[in-house]
1. Counting only residues that are under 12 Å from the mean Cα position of the chain (by Cα) and either part of a helix (DSSP H, G or I) or not charged (D, E, K, R) (or both), how many does segment 15-52 have?
2. Considering only segment 21-33, how many residues are surrounded by 10 or more Cβ atoms within 10 Å (Cβ to Cβ) and without any contact (Cβ under 8 Å) to a residue 24 or more places away in the chain?
3. Scan segment 19-48 residue by residue and report those that are under 15 Å from Gln60 (Cα atoms) and among the basic types (Lys, Arg).
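Bear in mind these aren't lab numbers, they're just calculated from the coordinates by the rules spelled out. Being a predicted model, the structure only gives us computed values, none of them experimental. Neighbour counts are summed over all protein chains in view; Cβ atoms, including those assigned to glycine, are modelled from backbone coordinates with ideal geometry.
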Amino acid sequence: MSIGGWKAVDALLDVLAGRNPDFRVVFRGDFAGDYHAIRQHIEIDYLPLSSLGGFVEFEQVSNVENRLFKSGVL
């Protein structure tokens, strides 16, 4: 997806979160020691509005199963 597409998603998530205080976007994964770089990349490049609003959370989980990848969606 282009940066412009991500900015549109970010704006929509920000509106959704504004209407639902419990709304969060959670990234779960084993970030292989590069947690801060991945987090900064997502927050700065893709979801800056949602991140500034505190609507984006990152959860470090080892051995995360990616069901979408297994089904061939990704």
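1. Applying the first criterion (under 12 Å from the mean Cα position of the chain (by Cα)) to segment 15-52 yields 24-29, 38-51.
The next check asks that each one be either part of a helix (DSSP H, G or I) or not charged (D, E, K, R) (or both); those that pass are 25-27, 29, 38-51.
Number satisfying all stated conditions: 18.
2. Residues meeting the conditions: 0.
3. Answer for segment 19-48, where residues must be under 15 Å from Gln60 (Cα atoms) and among the basic types (Lys, Arg): Arg28, Arg39.
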